[in-house]
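Worksheet for the structure shown next.
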Amino acid sequence: MFKISEFSRLSRIPLQTLRFYDQIGIFKPAKIDESTGYRYYYAEQLLEINRIVIFKELGFTLQQITQLLHEDISAEQIRGMLRLKESEITRQLEIEQSRLARIKERMQLVERKGKLDKRQEVVMKRVAAMHMVTYASNGTVEDIPRLFDIFDSLMDSRTRCSLSGPQTVLWNESGSAEHEFEFEVGYAVKSDTLKLPEHLHLRILPPETMATLLFRSDSAYSETACLDLAEWIEQQGYHVRSDQPGRETYVPLSGEPGVCIIEIQIPIEVEEVRK
């Protein structure tokens, strides 16, 4: 048997926590010396304390853990819970990494102090009408990769074969959620008579005059692209159309994993051009 101090070192559970668990009855020592009050534990109790730690990391309260310990939960069920938690943490890390990238973008904007990089050329062009298959959802910028994952999971083979062009995101302000956008993610399609799986929609986009900016996702310009585009629109005296979504397209670069060419497209009110 092991004294509580020894069991604490072996289990990596603080002494105070072991004493507290004993007090609330969630994890009792195997023996308490009546004369000294010392707590003693068996080696096999490491398995039980490990289960408590796992349940805590899965987000259960101590009261819920007490109930779970009295249920016949198999090791396979626990592994399944851990796999789900792993997926959740991985997704959270992706969100935090994306948030960190956004912070770096804001820092870049502060450091620029209003200077416009002339090498980032804004182009006004006419974009033809197109049909898109999209998945719609409210969310933040960090949610865009997840929305494409959902889109991919909803597609059937017939829909997949009809896709053409790059990944495209349509942006609208959300009328219901203050800190979110209304996103539609998807691809252009060759047919407008396609029968779509549930939750996917056919979107018909009219021809538009767009102010556009093209850049590599790994370039320094990606951190200031929206500012450059906004300044150009303002300087030219143009106005953004409020009845049509902004667009972004993503074209992966062959041989450069994780890098793509991004084009931001903002619809412009042609009739409002500066006279």
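The values are calculated or read from the model by the stated rules, or taken from the named source; none is laboratory data. The shown structure was predicted, so the numbers you read here are calculated from the model rather than taken from an experiment. For neighbour counting, all protein chains shown are included, and Cβ atoms are generated from backbone atoms with ideal geometry for every residue, glycine included. Keep in mind that these areas ignore ligands, DNA and RNA; they rest on the heavy atoms of the full protein, side chains included. Shrake-Rupley method; radii C 1.70, N 1.55, O 1.52, S 1.80 Å.
Tabulated results
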| item | result |
| --- | --- |
| Hz values of 3J(HN,Hα) by residue in the stretch 199-205 - Karplus curve (6.51, -1.76, 1.60), Gly and Pro given as x | 6, 9, 10, 8, 10, 9, 9 |
| Chymotrypsin sites (Phe, Trp or Tyr not before Pro) restricted to DSSP loop in the stretch 23-93 with at most 16 other C-beta within 10 Å | 38, 42, 60 |
| Carbon + sulfur, % of accessible area of the chain - ligands and nucleic acids excluded, 1.4 Å | 52 percent |
| Label-point separation, residue 216 to residue 47 (7 Å along Cα→Cβ), nm | 5.6 nm |
| 190, 3, 85, reordered so the largest accessible area comes first (probe 1.4 Å) | 190, 3, 85 |
| Å² of accessible area per residue within the stretch 1-97, as computed with a 1.4 Å probe and no ligands counted | 71 Å² |
| Rough spin-label spacing in nm, given labels placed 7 Å along Cα→Cβ, for residue 180 and residue 1 | 5.6 nm |
| Percentage relative contact order, the stretch 122-255, counting C-alpha pairs under 8 Å, at least six apart | 38 percent |
| Placed amide H near residue 138: partners under 5 Å, 5+ positions off or other chain | 183 |
| FRET efficiency, 1/(1 + (r/R0)^6) with R0 30 Å, evaluated for residue 75 and residue 140 via beta carbons | 0.20 |
| Mean accessible surface per residue for the stretch 125-171, computed with a 1.4 Å probe while every protein chain stays in place, in Å² | 46 Å² |
| Cα shape, the stretch 189-269, gyration tensor, a/c 1.5 rule | oblate |
| Estimated distance in nm for a label pair at residue 260 and residue 38, the labels positioned 7 Å out from Cα along Cα-to-Cβ | 6.4 nm |
| Built amide H within the under 5 Å cut-off of residue 167, gap 5+ | 250 |
| Amide proton proximity set for residue 194, modelled H, under 5 Å, gap of 5+ | none |
| Residue-wise HN-Hα coupling along the stretch 246-256, computed from phi with Karplus coefficients 6.51, -1.76, 1.60 (Hz; x: Gly, Pro) | x, 10, 9, 10, 10, 10, x, 8, 4, x, 10 |
| The chain: relative contact order as a whole-number percent, Cα under 8 Å and 6+ apart | 16 percent |
| Shape call, the stretch 118-159: gyration tensor on alpha carbons, a/c limit 1.5 | oblate |
| Length gained when the stretch residue 164-residue 193 is fully extended (0.36 nm per residue, less Cα-Cα span) | 8.9 nm |
